[in-house]
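Down below is the structure, laid out as structure tokens.
The values are calculated or read from the model by the stated rules, or taken from the named source; none is laboratory data. All figures in this text were calculated on a predicted structure; none of them were measured in a lab. Ideal geometry is used to build each Cβ from the backbone, glycine not excepted, and the neighbour counts take in all protein chains shown.
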Amino acid sequence: MIPALSNRRRFADLSEQEILALAISSEEDDARIYRTYAARLRDEYPASARVFEGMAVEEDSHRRRLIEAHEARFGPTIPLIRREHVAGFYARRPVWLIDNLGIERIRDEAERMEHDAEAFYTRAAARSTDARTRALLGDLASAEAGHGELARTLAEEHLGEDARDSEARNAHRQFVLTWVQPGLAGLMDGSVSTLAPIFAAAFATGDTWQTFLVGLAASVGAGISMGFTEAASDDGAISGRGSPWKRGFASGIMTTIGGLGHALPYLIPDFWTATTIAGIVVFVELWAIAWIQNRYMETPFVRAALQVVAGGGLVLAAGILIGSG
């Protein structure tokens, strides 16, 4: 038997008292999770935070009804049994992972929680031999199934059109600050700064393999440097730019991709074929950067194109001249 599972009980082996105790602890946990969501969202999404606070209140009412049913049948002492004590029982995502979830993912997570709870109460009701307990568990299964409607009702109450627009703007702003901005900076650095060493190596040696190795080293080195620089430059606590590790990852990966784009063609043995393809890749990269600046940073496309294409062209020309000399 697997050690991690050896001390777990099967759901089929639980007594009715243990099932009620499990339901009580589960409702308590869910209420705490919803309040954690609310606390996490309160500053940036206050309306959604109120929705989750309302759902936590609903879970509290379920817990009280379950405790009353337990006291009526088994007395005031409730056995300690939690989800992790039952093999195969549904698990909840650790609350610290919500920092990695956007507002829509958190709402989806809440919907999954309600679906899991409904399935549990349906199974628990089928196991119960007491009419009142069976009725209560069936009612709770229906309530959990209807929590989607509760969420919509609470959303209509707290999430008016203005609140939804405000939250959508905040979510877009956070996405841009955490992912797009550092990723764009990395892509620009990787695409432009590696042009000179790669094309200088190409025209100086005429050796495609050596050129590829130079490009690979320049791309990976620049990616590591940019990633650590971005992560260490700002912890996001004051600027609101989000997790430094997310920003560092975005910057580092995009820097490496930007450099590898025009290094990989030099895996082709023929020098002029590789160089022609690399030049086409550079052209595509520079215009993609201009498009991203226009799409997410609201930079006028003509200005972005002139800045990026002109700058990249100068760096490319410098690399070719240095390599040819």
Odd one out for residue 68, checked against (1) assigned to a helix (DSSP H, G or I); (2) at pLDDT below 90; (3) over 30 Å from the mean Cα position of the chain (by Cα):
(2)
Candidates 260, 286, 314, 264 - the one that is modelled with pLDDT of 80 or more and either loosely packed, with under 15 Cβ neighbours inside 10 Å or touching a strand residue (DSSP E or B) at 6+ places or on another chain (Cβ under 9 Å) (or both)
314
Quick check on my filter: what residues within region 84-103 are over 10 Å from the mean Cα position of the chain (by Cα) and at pLDDT below 70?
88, 93, 94, 95, 96
What's the number of the only condition in (1) crowded, with 18+ Cβ neighbours inside 10 Å; (2) among the polar types (S, T, N, Q); (3) more than 18 Å from residue 181 (Cα to Cα) that residue 276 fails to meet?
(1)
Residue under evaluation residue 272, criteria (1) touching a residue at least 40 places away in the same chain (Cβ under 8 Å); (2) closer than 16 Å to residue 202 by Cα, criterion not met:
(1)
Is it the case, given these coordinates, that residue 190 is at pLDDT 85 or above and of a type in the set (Gly, Ala, Ser)?
yes
Can you name the condition, by its number, that residue 81 falls short on among (1) at pLDDT below 85; (2) hydrophobic (A, V, I, L, M, F, W, C); (3) crowded, with 19+ Cβ neighbours inside 10 Å?
(1)
Residue in region 25-32 that is assigned by TED's automatic domain parsing to the domain that holds residue 138, of a type in the set (A, V, I, L, M, F, W, C) and under 23 Å from the mean Cα position of the chain (by Cα) present
yes
Among the residues of region 289-312, the number that are without any contact (Cβ under 8 Å) to a residue 12 or more places away in the chain and either closer than 29 Å to residue 206 by Cα or not assigned by TED's automatic domain parsing to the domain that holds residue 259 (or both) is 1
Residues of region 286-310 being under 19 Å from residue 257 (Cα atoms) and over 29 Å from the mean Cα position of the chain (by Cα), which ones?
308, 309
Would you be able to say whether some residue in region 3-10 is assigned to a helix (DSSP H, G or I), in contact (Cβ under 8 Å) with a residue 60 or more places away in the chain, out of contact with any Lys or Arg (no Cβ under 8 Å at 6 or more places or on another chain) and buried (at least 16 other Cβ atoms within 10 Å of the Cβ)?
no
Can you name the helices (runs of 4 or more DSSP H) wholly within region 217-325 that have at least 1 residues being closer than 21 Å to residue 175 by Cα and charged (D, E, K, R)?
244-261, 271-296
